[in-house]
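Scroll down for the structure; my scribbles are underneath it.
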(Lines give C-alpha, C1' and ligand atoms only; values in the text may rest on other atoms or scores of the structure.)
Protein backbone atom coordinates (compact mmCIF):
# COMPACT_ATOMS: atom_id res chain seq x y z
CA UNK A 1 0.00 0.00 0.00
CA UNK A 2 2.76 2.42 0.92
CA UNK A 3 4.33 1.62 -2.46
CA UNK A 4 1.21 2.83 -4.25
CA UNK A 5 1.17 6.02 -2.22
CA UNK A 6 4.84 6.65 -2.89
CA UNK A 7 4.47 5.99 -6.63
CA UNK A 8 1.54 8.38 -6.85
CA UNK A 9 3.37 10.95 -4.76
CA UNK A 10 6.40 10.88 -7.04
CA UNK A 11 4.14 10.98 -10.13
CA UNK A 12 2.26 13.94 -8.65
CA UNK A 13 5.68 15.48 -7.96
CA UNK A 14 6.66 15.06 -11.62
CA UNK A 15 3.40 16.67 -12.77
CA UNK A 16 3.69 19.57 -10.34
CA UNK A 17 7.43 19.73 -11.04
CA UNK A 18 6.96 20.15 -14.79
CA UNK A 19 4.60 23.04 -14.12
CA UNK A 20 6.98 24.51 -11.57
CA UNK A 21 9.97 23.98 -13.88
CA UNK A 22 8.17 25.91 -16.62
CA UNK A 23 7.42 28.62 -14.08
CA UNK A 24 11.12 28.74 -13.19
CA UNK A 25 12.02 28.90 -16.87
CA UNK A 26 9.63 31.67 -17.86
CA UNK A 27 9.17 33.66 -14.65
CA UNK A 28 11.53 32.64 -11.83
CA UNK A 29 14.79 32.83 -13.75
CA UNK A 30 14.22 35.96 -15.82
CA UNK A 31 12.78 37.77 -12.82
CA UNK A 32 15.68 36.74 -10.56
CA UNK A 33 18.18 37.88 -13.17
CA UNK A 34 16.37 41.16 -13.65
CA UNK A 35 16.29 41.80 -9.91
CA UNK A 36 19.94 40.83 -9.65
CA UNK A 37 20.81 43.35 -12.32
CA UNK A 38 18.61 46.01 -10.73
CA UNK A 39 20.42 45.47 -7.42
CA UNK A 40 23.70 46.23 -9.16
CA UNK A 41 24.76 42.62 -9.65
CA UNK A 42 28.18 42.27 -8.10
CA UNK A 43 27.93 44.68 -5.23
CA UNK A 44 27.72 43.75 -1.56
CA UNK A 45 30.30 40.99 -1.84
CA UNK A 46 28.31 38.32 -3.62
CA UNK A 47 28.20 38.18 -7.35
CA UNK A 48 25.64 35.88 -8.93
CA UNK A 49 24.21 35.67 -12.40
CA UNK A 50 25.19 38.51 -14.70
CA UNK A 51 28.73 39.27 -15.70
CA UNK A 52 30.60 38.37 -12.52
CA UNK A 53 29.18 34.87 -12.38
CA UNK A 54 31.13 31.61 -12.36
CA UNK A 55 28.71 29.80 -14.66
CA UNK A 56 27.01 31.01 -17.85
CA UNK A 57 23.50 32.40 -17.54
CA UNK A 58 22.05 29.58 -19.62
CA UNK A 59 23.51 27.00 -17.23
CA UNK A 60 22.01 28.80 -14.25
CA UNK A 61 18.66 28.88 -16.04
CA UNK A 62 18.72 25.19 -16.97
CA UNK A 63 19.93 24.01 -13.56
CA UNK A 64 17.45 26.22 -11.74
CA UNK A 65 14.54 24.91 -13.82
CA UNK A 66 15.67 21.32 -13.24
CA UNK A 67 16.06 22.06 -9.55
CA UNK A 68 12.43 23.13 -9.58
CA UNK A 69 11.40 19.72 -10.93
CA UNK A 70 13.56 17.91 -8.35
CA UNK A 71 12.15 20.05 -5.57
CA UNK A 72 8.59 19.09 -6.50
CA UNK A 73 9.52 15.38 -6.79
CA UNK A 74 11.11 15.52 -3.34
CA UNK A 75 8.09 17.24 -1.83
CA UNK A 76 5.74 14.83 -3.63
CA UNK A 77 7.51 11.73 -2.32
CA UNK A 78 7.71 13.08 1.23
CA UNK A 79 4.08 14.20 1.02
CA UNK A 80 2.89 10.73 -0.04
CA UNK A 81 4.78 8.89 2.71
CA UNK A 82 3.54 11.37 5.31
CA UNK A 83 -0.01 11.00 3.99
CA UNK A 84 0.17 7.22 4.22
CA UNK A 85 1.39 7.31 7.81
CA UNK A 86 -0.68 10.22 9.11
CA UNK A 87 -3.91 9.85 7.13
CA UNK A 88 -5.88 8.46 10.09
CA UNK A 89 -4.96 11.46 12.24
CA UNK A 90 -5.80 14.15 9.68
CA UNK A 91 -9.15 15.91 9.88
CA UNK A 92 -11.65 15.73 7.03
CA UNK A 93 -12.80 12.92 4.83
CA UNK A 94 -11.29 11.33 1.72
CA UNK A 95 -9.47 13.81 -0.49
CA UNK A 96 -9.79 16.60 2.07
CA UNK A 97 -7.08 14.90 4.16
CA UNK A 98 -4.60 15.24 1.28
CA UNK A 99 -5.31 18.97 0.98
CA UNK A 100 -4.98 19.42 4.75
CA UNK A 101 -1.59 17.70 4.63
CA UNK A 102 -0.51 19.88 1.70
CA UNK A 103 -1.48 22.90 3.80
CA UNK A 104 0.59 21.54 6.68
CA UNK A 105 3.52 21.05 4.29
CA UNK A 106 3.29 24.58 2.92
CA UNK A 107 2.97 26.04 6.40
CA UNK A 108 5.86 24.01 7.86
CA UNK A 109 8.37 23.90 5.01
CA UNK A 110 7.86 27.44 3.76
CA UNK A 111 5.66 29.79 5.77
CA UNK A 112 7.11 29.27 9.26
CA UNK A 113 10.74 29.79 8.15
CA UNK A 114 9.60 32.84 6.14
CA UNK A 115 8.24 34.44 9.31
CA UNK A 116 11.85 34.79 10.44
CA UNK A 117 13.63 34.83 7.05
CA UNK A 118 11.27 36.42 4.55
CA UNK A 119 12.05 35.26 1.00
CA UNK A 120 15.05 37.30 -0.06
CA UNK A 121 15.37 38.76 -3.52
CA UNK A 122 18.74 38.42 -5.26
CA UNK A 123 21.12 41.13 -4.14
CA UNK A 124 20.03 40.93 -0.50
CA UNK A 125 22.52 41.77 2.22
CA UNK A 126 22.38 39.24 5.06
CA UNK A 127 23.00 39.86 8.73
CA UNK A 128 23.93 36.28 9.66
CA UNK A 129 26.27 33.68 8.15
CA UNK A 130 24.78 30.92 5.99
CA UNK A 131 25.39 28.09 8.50
CA UNK A 132 23.42 29.87 11.20
CA UNK A 133 20.58 30.56 8.79
CA UNK A 134 20.35 26.96 7.56
CA UNK A 135 20.30 25.66 11.16
CA UNK A 136 17.59 28.14 12.18
CA UNK A 137 15.63 27.41 9.00
CA UNK A 138 15.57 23.68 9.79
CA UNK A 139 14.60 24.43 13.38
CA UNK A 140 11.72 26.55 12.12
CA UNK A 141 10.48 23.68 9.91
CA UNK A 142 10.23 21.59 13.10
CA UNK A 143 8.42 24.48 14.83
CA UNK A 144 6.03 24.62 11.86
CA UNK A 145 5.26 20.90 12.17
CA UNK A 146 4.63 21.37 15.89
CA UNK A 147 2.30 24.32 15.28
CA UNK A 148 0.41 22.33 12.62
CA UNK A 149 0.00 19.42 15.03
CA UNK A 150 -1.27 21.81 17.70
CA UNK A 151 -3.71 23.38 15.21
CA UNK A 152 -5.06 20.01 14.08
CA UNK A 153 -5.31 18.79 17.69
CA UNK A 154 -7.25 21.90 18.70
CA UNK A 155 -9.54 21.57 15.68
CA UNK A 156 -10.31 17.92 16.40
CA UNK A 157 -10.99 18.67 20.04
CA UNK A 158 -13.52 21.44 19.42
CA UNK A 159 -15.00 20.46 16.05
CA UNK A 160 -17.39 17.83 17.52
CA UNK A 161 -19.15 20.63 19.43
CA UNK A 162 -19.27 23.01 16.49
CA UNK A 163 -17.30 23.11 13.25
CA UNK A 164 -16.85 26.87 13.53
CA UNK A 165 -15.46 26.51 17.04
CA UNK A 166 -13.04 23.88 15.73
CA UNK A 167 -11.83 26.14 12.93
CA UNK A 168 -11.41 29.00 15.40
CA UNK A 169 -9.43 26.84 17.85
CA UNK A 170 -7.36 25.37 15.03
CA UNK A 171 -6.42 28.72 13.55
CA UNK A 172 -5.36 30.16 16.93
CA UNK A 173 -1.82 28.62 17.09
CA UNK A 174 -1.19 29.59 13.47
CA UNK A 175 -2.41 33.16 13.89
CA UNK A 176 -0.32 33.61 17.04
CA UNK A 177 2.80 32.37 15.22
CA UNK A 178 2.15 34.56 12.19
CA UNK A 179 1.78 37.64 14.39
CA UNK A 180 4.42 36.94 17.05
CA UNK A 181 7.36 35.39 15.16
CA UNK A 182 8.01 38.28 12.75
CA UNK A 183 7.87 40.74 15.67
CA UNK A 184 10.37 38.75 17.74
CA UNK A 185 12.69 37.93 14.86
CA UNK A 186 15.50 40.37 14.10
CA UNK A 187 15.73 41.65 10.53
CA UNK A 188 17.73 38.97 8.73
CA UNK A 189 18.20 40.56 5.32
CA UNK A 190 17.96 43.98 3.76
CA UNK A 191 17.72 45.04 0.14
CA UNK A 192 19.57 48.35 0.08
CA UNK A 193 19.75 48.58 -3.73
CA UNK A 194 16.17 47.62 -4.58
CA UNK A 195 12.93 49.57 -4.48
CA UNK A 196 10.60 48.23 -1.76
CA UNK A 197 7.83 47.60 -4.31
CA UNK A 198 10.05 45.30 -6.34
CA UNK A 199 11.05 43.33 -3.24
CA UNK A 200 7.39 43.05 -2.22
CA UNK A 201 6.40 41.81 -5.69
CA UNK A 202 9.24 39.29 -5.71
CA UNK A 203 8.20 38.00 -2.28
CA UNK A 204 4.58 37.79 -3.33
CA UNK A 205 5.52 35.64 -6.32
CA UNK A 206 7.63 33.35 -4.14
CA UNK A 207 4.77 32.83 -1.69
CA UNK A 208 2.21 32.26 -4.45
CA UNK A 209 4.41 29.89 -6.42
CA UNK A 210 5.11 27.67 -3.39
CA UNK A 211 1.43 27.66 -2.40
CA UNK A 212 0.50 26.72 -5.97
CA UNK A 213 3.11 23.94 -5.93
CA UNK A 214 1.56 22.33 -2.85
CA UNK A 215 -1.96 22.72 -4.18
CA UNK A 216 -0.93 21.12 -7.46
CA UNK A 217 0.77 18.25 -5.60
CA UNK A 218 -2.33 17.46 -3.57
CA UNK A 219 -4.58 17.91 -6.61
CA UNK A 220 -2.51 15.61 -8.83
CA UNK A 221 -2.19 13.04 -6.04
CA UNK A 222 -5.92 12.81 -5.36
CA UNK A 223 -6.68 12.76 -9.09
CA UNK A 224 -4.24 9.87 -9.65
CA UNK A 225 -5.75 8.01 -6.70
CA UNK A 226 -9.24 8.43 -8.12
CA UNK A 227 -8.16 7.12 -11.50
CA UNK A 228 -6.53 4.09 -9.88
CA UNK A 229 -9.61 3.44 -7.74
CA UNK A 230 -11.82 3.86 -10.81
CA UNK A 231 -9.75 1.32 -12.73
CA UNK A 232 -9.86 -1.07 -9.82
CA UNK A 233 -13.63 -0.87 -9.37
CA UNK A 234 -14.12 -1.14 -13.15
CA UNK A 235 -11.91 -4.25 -13.19
CA UNK A 236 -13.79 -5.86 -10.30
CA UNK A 237 -17.14 -5.10 -11.96
CA UNK A 238 -15.88 -6.70 -15.15
CA UNK A 239 -14.71 -9.75 -13.21
CA UNK A 240 -18.05 -10.02 -11.44
CA UNK A 241 -19.90 -9.78 -14.78
CA UNK A 242 -17.71 -12.40 -16.45
CA UNK A 243 -18.43 -14.76 -13.55
CA UNK A 244 -22.18 -14.58 -14.13
CA UNK B 1 -5.65 -1.07 5.03
CA UNK B 2 -9.03 0.38 5.93
CA UNK B 3 -10.78 3.44 7.22
CA UNK B 4 -10.43 2.39 10.88
CA UNK B 5 -6.63 2.30 10.85
CA UNK B 6 -4.81 4.36 13.43
CA UNK B 7 -1.50 6.08 12.82
CA UNK B 8 0.34 3.31 14.65
CA UNK B 9 -1.42 0.71 12.45
CA UNK B 10 -0.06 2.53 9.43
CA UNK B 11 3.46 2.51 10.85
CA UNK B 12 3.12 -1.23 11.50
CA UNK B 13 1.83 -1.84 7.97
CA UNK B 14 4.64 0.19 6.45
CA UNK B 15 7.20 -1.67 8.53
CA UNK B 16 5.79 -4.97 7.30
CA UNK B 17 5.82 -3.90 3.65
CA UNK B 18 9.25 -2.31 3.52
CA UNK B 19 12.65 -3.76 4.27
CA UNK B 20 15.19 -1.75 6.26
CA UNK B 21 17.25 -1.48 3.08
CA UNK B 22 14.33 0.12 1.23
CA UNK B 23 13.71 2.61 4.01
CA UNK B 24 17.42 3.47 4.16
CA UNK B 25 17.58 3.87 0.36
CA UNK B 26 14.52 6.16 0.36
CA UNK B 27 15.93 8.33 3.12
CA UNK B 28 19.31 8.50 1.40
CA UNK B 29 17.70 9.64 -1.85
CA UNK B 30 15.73 12.32 -0.05
CA UNK B 31 18.81 13.48 1.80
CA UNK B 32 20.81 13.64 -1.43
CA UNK B 33 18.22 15.87 -3.11
CA UNK B 34 17.91 18.11 -0.06
CA UNK B 35 21.66 18.44 0.16
CA UNK B 36 22.14 19.21 -3.54
CA UNK B 37 19.32 21.75 -3.67
CA UNK B 38 19.64 23.51 -0.36
CA UNK B 39 22.94 23.00 1.39
CA UNK B 40 25.58 22.62 -1.28
CA UNK B 41 27.61 25.81 -1.03
CA UNK B 42 30.29 24.78 -3.46
CA UNK B 43 30.54 27.89 -5.66
CA UNK B 44 29.80 26.32 -9.08
CA UNK B 45 26.81 24.31 -7.87
CA UNK B 46 25.65 27.19 -5.76
CA UNK B 47 25.77 29.64 -8.63
CA UNK B 48 23.85 27.32 -10.90
CA UNK B 49 20.98 26.78 -8.43
CA UNK B 50 20.99 30.40 -7.36
CA UNK B 51 17.81 31.55 -9.13
CA UNK B 52 15.95 28.49 -7.91
CA UNK B 53 16.90 29.10 -4.29
CA UNK B 54 15.70 32.68 -4.43
CA UNK B 55 12.52 31.87 -6.35
CA UNK B 56 11.62 29.04 -3.95
CA UNK B 57 12.37 31.24 -0.93
CA UNK B 58 14.87 28.85 0.64
CA UNK B 59 17.98 30.25 2.29
CA UNK B 60 20.72 31.19 -0.13
CA UNK B 61 24.42 31.96 0.37
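The values are calculated or read from the model by the stated rules, or taken from the named source; none is laboratory data. Bear in mind the structure is a predicted one, so any value in this text is a computation, not a measurement. For neighbour counting, all protein chains shown are included, and Cβ atoms are generated from backbone atoms with ideal geometry for every residue, glycine included.
I'd like to check something: does the stretch A:228-238 contain any residue that is within 14 Å of chain B (Cβ to nearest Cβ) and either in contact with a helix residue (DSSP H, G or I) (Cβ under 6 Å, 6 or more places away or on another chain) or closer than 30 Å to residue A:68 by Cα (or both)?
Yes - at least one qualifying residue is present in the stretch A:228-238.
Residues that are touching a helix residue (DSSP H, G or I) at 6+ places or on another chain (Cβ under 8 Å) and farther than 30 Å from residue B:42 by Cβ: does the stretch A:107-128 have at least one?
Yes, some residue in the stretch A:107-128 is touching a helix residue (DSSP H, G or I) at 6+ places or on another chain (Cβ under 8 Å) and farther than 30 Å from residue B:42 by Cβ.
State all residues of the stretch B:5-61 that are within 8 Å of chain A (Cβ to nearest Cβ) and not in a helix (DSSP H, G or I); if no residue qualifies, say none.
The answer is B:5, B:6, B:18, B:41, B:49, B:57, B:58, B:59, B:60, B:61.
Could you identify the single residue in A:74, A:140, A:90 that is more than 10 Å from chain B (Cβ to nearest Cβ) and either out of contact with any helix residue (DSSP H, G or I) (no Cβ under 7 Å at 6 or more places or on another chain) or buried (at least 18 other Cβ atoms within 10 Å of the Cβ) (or both)?
Matching residue, one of A:74, A:140, A:90: A:140.
Determine whether the stretch A:39-56 contains at least one residue that is surrounded by fewer than 17 Cβ atoms within 10 Å (Cβ to Cβ), part of a helix (DSSP H, G or I) and modelled with pLDDT under 95.
No, that holds for no residue.
Exactly one of (1) without any contact (Cβ under 8 Å) to a residue 12 or more places away in the chain; (2) under 30 Å from residue A:39 (Cα atoms) is unmet by residue A:175. Its number?
(2)
Before we move on, is residue A:64 modelled with pLDDT under 90, in a helix (DSSP H, G or I) and crowded, with 21+ Cβ neighbours inside 10 Å?
Here the answer is yes, as residue A:64 does meet what is asked.
Would it be correct to say that residue A:82 is in a helix (DSSP H, G or I) and without any contact (Cβ under 8 Å) to a residue 60 or more places away in the chain?
Judged against the criteria, residue A:82 is a match.
Any residue that is assigned to a loop (DSSP other than H, G, I, E, B) and in contact with a strand residue (DSSP E or B) (Cβ under 9 Å, 6 or more places away or on another chain) - is there at least one of those in the stretch A:150-166?
no
Can you spot a residue in the stretch A:169-179 that is in contact with a helix residue (DSSP H, G or I) (Cβ under 6 Å, 6 or more places away or on another chain) and not in a helix (DSSP H, G or I)?
No, that holds for no residue.
Quick one: which of A:112, A:132 is touching a residue at least 12 places away in the same chain (Cβ under 8 Å) and closer than 19 Å to residue A:186 by Cα?
Only one candidate qualifies: A:112.
Only one residue in A:208, A:215, A:184 is out of contact with any helix residue (DSSP H, G or I) (no Cβ under 6 Å at 6 or more places or on another chain), away from chain B (no Cβ under 14 Å) and within 30 Å of residue A:7 (Cβ to Cβ), so which one is that?
A:215
Can you name every residue in the stretch A:115-136 that is in a helix (DSSP H, G or I), surrounded by 19 or more Cβ atoms within 10 Å (Cβ to Cβ) and within 9 Å of chain B (Cβ to nearest Cβ)?
The answer is A:133, and nothing else.
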